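Any read-out appearing in this document is the output of simple, stated calculations on the displayed coordinates, not a laboratory observation. The structure displayed is predicted, hence computed values, not measured ones. Positions of Cβ are generated from backbone atoms using ideal geometry, with glycine treated the same way; all protein chains shown enter the neighbour counts.
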Amino acid sequence: MQDGSAAQAKIKQIVDNISRVIIGKQRAVEQAVIALICGGHLLIEDVPGVGKTMLARSVAKSTGCSFGRIQFTPDLLPSDITGVTIYNQQSGEFEYRPGPIMAQMVLADELNRTTPKTQSALLEAMEEHQVTVDGITHPLPRPAMVLATLNPIEYEGTFPLPEGQLDRFMLRISLGYPSQEDEVSVVSQQALQHPIDSLEPVVTAEEILELQETVKRIHADTAITEYAVALVNATRKHPDADLGASPRGSLALFRTSQALALIRGRDYVLPDDVKEMAIPVLGHRVIVPPSSRMRGVTGRMIVEAALEEVPVPGVRAGQQAPTG
């Protein structure tokens, strides 16, 4: 296992490498790397053309891992993802032909362009790191990460993701439009060649697995754990929530807070780490009923309300919470 300083240096290498392609989006890049070093899956939701696919490809190319890409379309079948079993006439046996999901880094591009039946083909792979084809289970290589891009559900030709699938994504992030200055840099940078074409791996699969173990050793006080769980519980009690965040959300919030502490150069978690990760970890797990959505209520707003309501560890009632 790597010590904290070596792990932090390696993480900085990954962030800097991705930032060569994704200009001016340091926080989004950091959150993508957090998903990677926590062993989680990443959902990138935003309007077309802001760099969702480029971010996913940059994360994949920065690792020395095998890569698979799935372009989701309405006519895609589950077997196009998981692979198929075919009969080999020469050997007289059935053989498994793996699909793109059997790679270590899988880009699921425009995930909500396909039907729920095909979307569900990812569920077993994302949670259990395996796929079952014709009754035979095939384990995925480690590390295994799905990086999915998503267009807003208001766009024509999209299907909403089921709650169970949303819950399997550790983080949901968005990029937003770049500033004018950053957009000028992007255009100038791509005048002759796209920077992703020259992007090289800066970390191996083995080093990613080591980083994932290092994250688990970051200390979190019992009060921090209780704070994370209290935030999740608050989303379940909110009057505008049809369904609050799940226990999987509590685990994800705890783990990503450890990863953020490591990125910040600490071997212990602060309440601010939990607060910073709460919205990208919990926002997509909170299901808002149509009646509340019509009033403009979102999962993000419910998580923000929980952050306001739940007392921060070490802060007395009525006292301003420290920021850092």
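The table below lists the values:
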| item | result |
| --- | --- |
| Net charge of neighbours whose Cβ lies under 14 Å from the Cβ of LEU175, counting Lys and Arg as +1 and Asp and Glu as -1 | 0 |
| Correct option for Kirkwood radius over Cα pairs in Å [calculated from the coordinates] among (1) 21.4; (2) 20.8; (3) 18.8 | (2) |
| Among GLN165, GLN119, GLN193, residue whose mean-square fluctuation peaks in a GNM of the chain (springs only between Cα atoms under 10 Å) | GLN193 |
| Relative contact order %, segment 44-197, counting alpha carbon pairs below 8 Å whose residues are six or more apart | 29 |
| Prolate/oblate/rounded call for segment 82-164, Cα gyration tensor, a/c under 1.5 rounded | prolate |
| Label-point gap, in nm, between ARG293 and VAL47 - each point 7 angstrom along Cα→Cβ | 2.0 |
| Anisotropy class of segment 199-241 from Cα gyration tensor, a/c 1.5 cut | oblate |
| Paramagnetic reach from ASP75 in segment 94-116 [backbone N under 19 Å; point 7 Å along Cα→Cβ] | 109-116 |
| Rounded to the nearest 20 debye, dipole of segment 218-312 from Cβ charges on Lys, Arg, Asp, Glu | 360 |
| Simple Cβ-charge dipole of the chain, Lys/Arg +1 and Asp/Glu -1, about Cα centre, in debye nearest 20 | 440 |
| Per-residue HN-Hα couplings for segment 173-185 [Karplus 6.51, -1.76, 1.60; θ = phi - 60°; Hz; x = Gly/Pro] | 10, 9, 9, x, 6, x, 5, 4, 5, 5, 5, 4, 4 |
| Sites GLU308 and ILE86, calculated FRET efficiency, Cβ-Cβ separation with R0 56 Å, nearest 0.05 | 0.50 |
| Placed amide H near THR63: partners under 5 Å, 5+ positions off or other chain | VAL202 |
| Of HIS284, HIS41, HIS129, the one that fluctuates the most in a GNM where the chain has Cα springs shorter than 10 Å | HIS129 |
| Contour excess over end-to-end distance, with Cα ends at ARG20 and PHE67 and 0.36 nm allotted per residue | 14.9 nm |
| Mean ellipticity per residue at 222 nm, deg cm²/dmol - from DSSP H runs of n ≥ 4 across the chain, formula -39500 (n - 2.57) | -12500 deg cm²/dmol |
| Calculated FRET value between GLN13 and TYR177, using beta carbons and R₀ = 25 Å, to 0.05 | 0.35 |
| Rounded FRET efficiency, nearest 0.05, which uses the C-beta distance separating THR222 from ARG27 and R0 of 51 Å | 0.95 |
| Cα-based Lys pair tally, the chain, threshold under 24 Å, eight or more apart or on separate chains | 16 |
| Least to most buried among VAL50, VAL303 (fewest other Cβ within 10 Å first) | VAL50, VAL303 |
| Relative contact order, percent, the chain [alpha-carbon distance under 8 Å, six or more residues apart] | 21 |
| Shape category assigned to segment 218-312 from the gyration tensor of Cα positions, a/c cut at 1.5 | prolate |
| Max mean-square fluctuation residue, GNM over the chain, Cα-Cα springs under 10 Å, options GLU207, GLU226, GLU45 | GLU226 |
